[in-house]
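Q: My questions will all concern the structure given below.
The values are calculated or read from the model by the stated rules, or taken from the named source; none is laboratory data. Bear in mind the structure is a predicted one, so any value in this text is a computation, not a measurement. Positions of Cβ are backbone-derived with ideal geometry, glycine not excepted, and every protein chain shown enters the neighbour counts.
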Amino acid sequence: MATLREIRRRIASIQNIEQVTDAMRVVAAARLRRAQENIVATRPYAEKLNTILGHLISQMDAEEQALTHPLLETREIKHVCIISVSGDRGLCGSFNSNVIRTTTERIEHYQESGADVTLICIGRRGQEHFNRRGYDITDSYINIFRQLEFQTAVDVVHEFEHLYTDKKIDKVEVVYNNFKSAILQTVLVEQLLPLEPEIPEGDKLFLDYIYEPGQVELFEMLLGKHLNMQMWKVLLDSNAAEQAARMAAMENATQKAKELIDELILQRNRARQTQITTEISEIVSGAAALEG
Amino acid sequence: MLNRSFHLEIRTPEQLIYEGDVTSINAPGVEGNFQILAGHIPFLTALEVGEIRIRESETPQLMATSGGVFEVLRTGVTVLVEAAEWASEIDVERAESALDRAQAQLSANAPDLNRPRAEAALARAQNRIKVASNL
């Protein structure tokens, strides 16, 4: 049985932990709100970009649509680039470990089929994990989530686009946590290159534009913008998912700390009572001995 | 000559930069700068790194942009740019340090240098400095 003093010390230390985890929960909640606002803010741009792509495609004939753009080219898969999006910090449940596990599975999958794999790591957790185990890392981006900028997405795209058009890699896919809701995040694997344009519904009623430069050049440029946008969405989603995961993890931790404290308080009271009882019975028996 | 203004919307992936009625807009097209007035026919073009100038009334408002898409429809003009900054909000010091960084990278010419990326960064920084000085 722990002594009274020991129990008191444990209660104090768990109360400290509870304060910290609760503060972290509040911070994560605030960051989650901001991350969700970012996702919403990007929607009109994405929709408009898709509408313009749709307008453009509706004006192109089948021959022009079957483009031989370098980003649409499918090759035999010998070199794969996987973009692994984790977080910079821990204490967010299985957020990082899920991404790392799925990335590893994908790497093994490609290696079994005889392709070699190179990684682009976003987030310190993944970078450290794969670096320590000697994986081939082409590039890594660390500490980008604190101040998330669209330019970062553009930089990442630049990096793998350039490798793809140089034919150093034949496929690019991204592994990240998809933000479904504040309580649900799932790991997704998505192919970025070669682009498989889900051709938006052409708007047949749309009247033609004047184009400058030609339709094809514009289409190619829009594909590039579309890719940047996809990468940007991945970063925003992963950021929101990380904050949501951390919020849930910290809420659990706070809850557990509370339960533990309740239990310890009970123990403390019991120990105190025992002590008092012992003292009283000592006094009583002492008095009895004197009287005796 | 009634109704000489038209609706304009300028967006980046991060936010809405401008929405309102203007009488003209000048933008840096890939085939040269151009100006759009009310009543233009539908037009789609790509934008270069450069300066956008909009006019609500007499005084023009300036912003630096890093390129994007420019669409004119009967209902108005939409500009989708990946980055845009009002001239008055440009941090010249930051732009200059970005310029120095890009120049240093290009002149060092390391073997793993991503040249297009460094050149794009250089062009963006030069443009921001230029637009800020045009204010």
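Q: Across the stretch B:98-122, what is the number of residues that are more than 13 Å from every other protein chain (Cβ to nearest Cβ) and surrounded by fewer than 17 Cβ atoms within 10 Å (Cβ to Cβ)?
A: The total comes to 10.
Q: Here is a follow-up. If I ask for residues that are assigned to a helix (DSSP H, G or I) and within 18 Å of B:Ser66 (Cβ to Cβ), which ones from the stretch B:107-120 would you list? Let's see the steps before the verdict.
A: Taking the stretch B:107-120 and keeping what is assigned to a helix (DSSP H, G or I), we get B:107-108, B:115-120.
Those that are assigned to a helix (DSSP H, G or I) and within 18 Å of B:Ser66 (Cβ to Cβ): B:Arg115, B:Pro116, B:Arg117, B:Ala118, B:Glu119, B:Ala120.
Q: So, in the stretch A:142-156, of the ones that are within 13 Å of chain B (Cβ to nearest Cβ) and surrounded by fewer than 21 Cβ atoms within 10 Å (Cβ to Cβ), which residue ends up nearest to the chain's Cα centre (by Cα)? So that I can check it myself, show each step before the final result.
A: Of all residues in the stretch A:142-156, those within 13 Å of chain B (Cβ to nearest Cβ) come to A:147-156.
Within this subset, residues satisfying the condition of being surrounded by fewer than 21 Cβ atoms within 10 Å (Cβ to Cβ) are A:147-149, A:151-152, A:155.
Working: A:Gln147: 15, A:Leu148: 13, A:Glu149: 16, A:Gln151: 18, A:Thr152: 15, A:Asp155: 19 Å.
By that ranking, first place goes to A:Leu148.
Q: Can you confirm whether A:Thr102 is modelled with pLDDT of 95 or more and surrounded by fewer than 21 Cβ atoms within 10 Å (Cβ to Cβ)? If you could, list the steps in order and put the result at the bottom.
A: Numbers: modelled with pLDDT of 95 or more: yes; surrounded by fewer than 21 Cβ atoms within 10 Å (Cβ to Cβ): yes.
For A:Thr102, the condition - modelled with pLDDT of 95 or more and surrounded by fewer than 21 Cβ atoms within 10 Å (Cβ to Cβ) - is met.
Q: Looking at the stretch B:11-27, which of the residues that are part of a strand (DSSP E or B) and surrounded by fewer than 19 Cβ atoms within 10 Å (Cβ to Cβ) is nearest to the other protein chains (Cβ to nearest Cβ)?
A: Within the stretch B:11-27, the match that is nearest to the other protein chains (Cβ to nearest Cβ) is B:Leu16.
Q: Another question, if that's okay. Restricting the search to the stretch A:204-255, which residues are touching a residue at least 60 places away in the same chain (Cβ under 8 Å) and aromatic (Phe, Trp, Tyr)?
A: Hits for the stretch A:204-255 are A:Phe206, A:Tyr209, A:Phe219, A:Trp232.
Q: Now for a different question. Limited to the stretch B:8-41, what total is found for residues that are aliphatic (A, V, I, L, M) and farther than 24 Å from A:Phe150 by Cβ?
A: Count: 5.
Q: Let me ask something else about it. Being more than 25 Å from the chain's Cα centre (by Cα) and basic (Lys, Arg) is the filter here; which residues of the stretch A:9-31 pass it?
A: A:Arg9, A:Arg10
Q: Here's a follow-up. Read through the list (1) under 16 Å from the mean Cα position of the chain (by Cα); (2) without any contact (Cβ under 8 Å) to a residue 40 or more places away in the chain, then give the number of the only condition that A:Tyr176 fails.
A: It fails just one condition, (2).
Q: Now, a different point. I need a count of the residues in the stretch A:160-190 that are in a helix (DSSP H, G or I) and surrounded by fewer than 19 Cβ atoms within 10 Å (Cβ to Cβ).
A: The number of residues fulfilling the criteria is 2.
Q: Considering only the stretch A:105-134, state which residues are touching a helix residue (DSSP H, G or I) at 6+ places or on another chain (Cβ under 7 Å) and surrounded by fewer than 22 Cβ atoms within 10 Å (Cβ to Cβ).
A: Passing the criteria: A:Val117, A:His129.
Q: Inspect the stretch B:30-43 for any residue being within 11 Å of another protein chain (Cβ to nearest Cβ), closer than 22 Å to A:Tyr45 by Cα, in a loop (DSSP other than H, G, I, E, B) and under 11 Å from the mean Cα position of the chain (by Cα) and give the result as yes or no.
A: Scanning the stretch B:30-43, I find no residue that is within 11 Å of another protein chain (Cβ to nearest Cβ), closer than 22 Å to A:Tyr45 by Cα, in a loop (DSSP other than H, G, I, E, B) and under 11 Å from the mean Cα position of the chain (by Cα), so the answer is no.
Q: Output the residues belonging to the stretch B:75-97 that are away from chain A (no Cβ under 14 Å), more than 17 Å from the chain's Cα centre (by Cα) and closer than 22 Å to B:Ile52 by Cβ.
A: B:Glu96 - this is the single residue of the stretch B:75-97 that is away from chain A (no Cβ under 14 Å), more than 17 Å from the chain's Cα centre (by Cα) and closer than 22 Å to B:Ile52 by Cβ.
Q: Of the residues in the stretch B:48-82, how many are assigned to a loop (DSSP other than H, G, I, E, B), free of Cβ contacts under 8 Å to residues at least 60 places away in the same chain and of a type outside the set (Val, Ile, Thr)?
A: Result for the stretch B:48-82: 6.
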